[in-house]
Amino acid sequence: MSFRIPIRALAKGAVTRSAFRVQSMRFASSKTMTVREALNGAMAEEMDRDDDVFIIGEEVAQYNGAYKVTKGLLDRFGERRVVDTPITEYGLAGLAVGAALKGLKPIVEFMSFNFSMQAIDHVVNSAAKTHYMSGGTQRCPIVFRGPNGAAAGVAAQHSQDYSAWYGSIPGMKVLVPYSAEDARGLLKAAIRDPNPVVFLENELLYGQSFEMSEESLSPDFTLPYKAKVEREGSDISIITYTRNVEFSLAAAEILDKQYGVSVEVINLRSIRPLDVDAIVKSLKKTNHLITVESTFPQFGVGSEIIAQIMESEGFDYLDAPVQRVTGADVPTPYAKELEDFAFPDPDTIVRACKETLSID
């Protein structure tokens, strides 16, 4: 959903800033919103709120974004604030980091986060480390956003999940929205954050619709970088994020109906900072825990969660070892049948929960 206003109307002063509220009003007329609409609306409202915010990336302007997340923003804000670039992640990310160091607030769209590897020197060495290396004198308010992880049949070079990669970097914040409300509230918070934020979206969630609360439709709505209890439970905790929240909720339904198991599902929403308190709090209730992610098994988010549990009071509440459900330890296959085997699904999660609970 977008709200298109001709540039010439803006130039003539025919459209006031308050007219831009129409898009939020249109969203408010419905109780549901797709993740794509949530991201689009969040960026539009933050650009409306702060003239220093601009969007830069490949095909973000005239083509409305490769996934149409920036649809209508060029018509609304013009070429100065919605900037198309050549195919050069290293160049566009470096330009954006420089702009952020001078006080602007760029939103960098990577067409795929796999392509951020071309720009990783700017993301890690320049954006994440400068505040510390400058003795706290130089901020870098920038958001790097785009689709992350596997989609459907895009093969190994376009399917990697970078949550653990970027989550290991001091100075960087890493957010992983699941629902439309997550996407809207977390992106608005990220844009207002004076620190660099990596915002990892899921391509297959863009078109999914979610219920929205009245509070979330406000232009002032933001979310803290804290985990959310998506489903209350008492027998086992599933700690997960992004699209695997959907699979974990489906697994929880199966376990409840077939085995009478009460499952608590925790949506992390943030990889860095990691809400360890929420994880331990859930573990204290259930005494059993598994993690679910679509990263490679070695050095992943689940590994960090287990380490945090072992090093905290959470260890005293474990009645069984923690299990990790991860992607396969192979480059993502192109063939659909093999790709389906390579990532978690509800049945995989159900099996892990049954093993943890010693259910036959």
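The values are calculated or read from the model by the stated rules, or taken from the named source; none is laboratory data. If you're wondering where the values come from, they're calculated on a predicted model, not measured in any experiment. Cβ coordinates were reconstructed from backbone atoms using ideal geometry, including for glycine residues, and neighbour counts include every protein chain displayed.
The set of residues in the range 51-68 that are over 11 Å from residue 108 (Cα atoms) and over 19 Å from the mean Cα position of the chain (by Cα) comprises 51, 52, 59, 61, 62, 63, 64. Of the residues that sit in the range 180-199 and are among the acidic types (Asp, Glu) and assigned to a helix (DSSP H, G or I), which one is farthest from residue 335 (Cα to Cα)? The residue in question is 181. Restricting 99, 61, 44 to those that are touching a Pro at 6+ places or on another chain (Cβ under 8 Å) and in the same structural domain as residue 194 (by TED's automatic domain parsing) reduces the list to 99. The residues in the range 316-326 that are surrounded by 14 or more Cβ atoms within 10 Å (Cβ to Cβ) and either acidic (Asp, Glu) or assigned to a helix (DSSP H, G or I) (or both) can be counted, and the count is 1.
Annotation note: Cβ proximity below 9 Å between a residue of the range 117-135 that is in contact (Cβ under 8 Å) with a residue 60 or more places away in the chain and a residue that is buried (at least 16 other Cβ atoms within 10 Å of the Cβ) and charged (D, E, K, R) (sequence gap 6+ or interchain) occurs for 131/139.
Restricting attention to the range 84-98 and to residues that are of a type outside the set (D, E, K, R) and surrounded by 20 or more Cβ atoms within 10 Å (Cβ to Cβ), the residue that is nearest to residue 139 (Cα to Cα) turns out to be 97. Under the condition of being closer than 24 Å to residue 180 by Cβ and either touching a strand residue (DSSP E or B) at 6+ places or on another chain (Cβ under 7 Å) or hydrophobic (A, V, I, L, M, F, W, C) (or both), the residues counted in the range 243-272 number 18. Anything in the range 327-355 that is under 29 Å from residue 260 (Cα atoms) and surrounded by fewer than 13 Cβ atoms within 10 Å (Cβ to Cβ)? List them, or say none. Once the filter is applied, which keeps residues that are under 29 Å from residue 260 (Cα atoms) and surrounded by fewer than 13 Cβ atoms within 10 Å (Cβ to Cβ), the range 327-355 yields 340, 347.
Tell me, yes or no, whether the range 256-279 has at least one residue that is under 30 Å from residue 44 (Cα atoms), of a type in the set (S, T, N, Q) and either without any contact (Cβ under 8 Å) to a residue 40 or more places away in the chain or surrounded by 15 or more Cβ atoms within 10 Å (Cβ to Cβ) (or both).
yes
Is it the case, given these coordinates, that residue 182 is outside the structural domain of residue 268 (by TED's automatic domain parsing) and either hydrophobic (A, V, I, L, M, F, W, C) or over 24 Å from residue 322 (Cβ atoms) (or both)? Here the answer is yes, as residue 182 does meet what is asked. The set of residues from the range 47-64 being over 26 Å from residue 88 (Cα atoms) and outside any loop (DSSP other than H, G, I, E, B) comprises 48, 49. Just one of (1) within 15 Å of residue 108 (Cα to Cα); (2) crowded, with 24+ Cβ neighbours inside 10 Å fails for residue 192. It is (2).
Filter the range 223-255 down to residues that are surrounded by fewer than 18 Cβ atoms within 10 Å (Cβ to Cβ) and among the β-branched types (Val, Ile, Thr) and give me whichever is farthest from residue 346 (Cα to Cα). It comes out as 229.
Among the residues making up the range 164-188, those that are among the hydrophobic types (A, V, I, L, M, F, W, C) and touching a Lys or Arg at 6+ places or on another chain (Cβ under 8 Å) are 169, 172, 174, 175, 176, 186, 187.
Give the residue that is nearest to residue 273 (Cα to Cα), with candidates limited to residues of the range 204-237 that are touching a Gly at 6+ places or on another chain (Cβ under 7 Å), assigned to a loop (DSSP other than H, G, I, E, B) and not aliphatic (A, V, I, L, M). Checked the range 204-237; the qualifying residue nearest to residue 273 (Cα to Cα) is 222.
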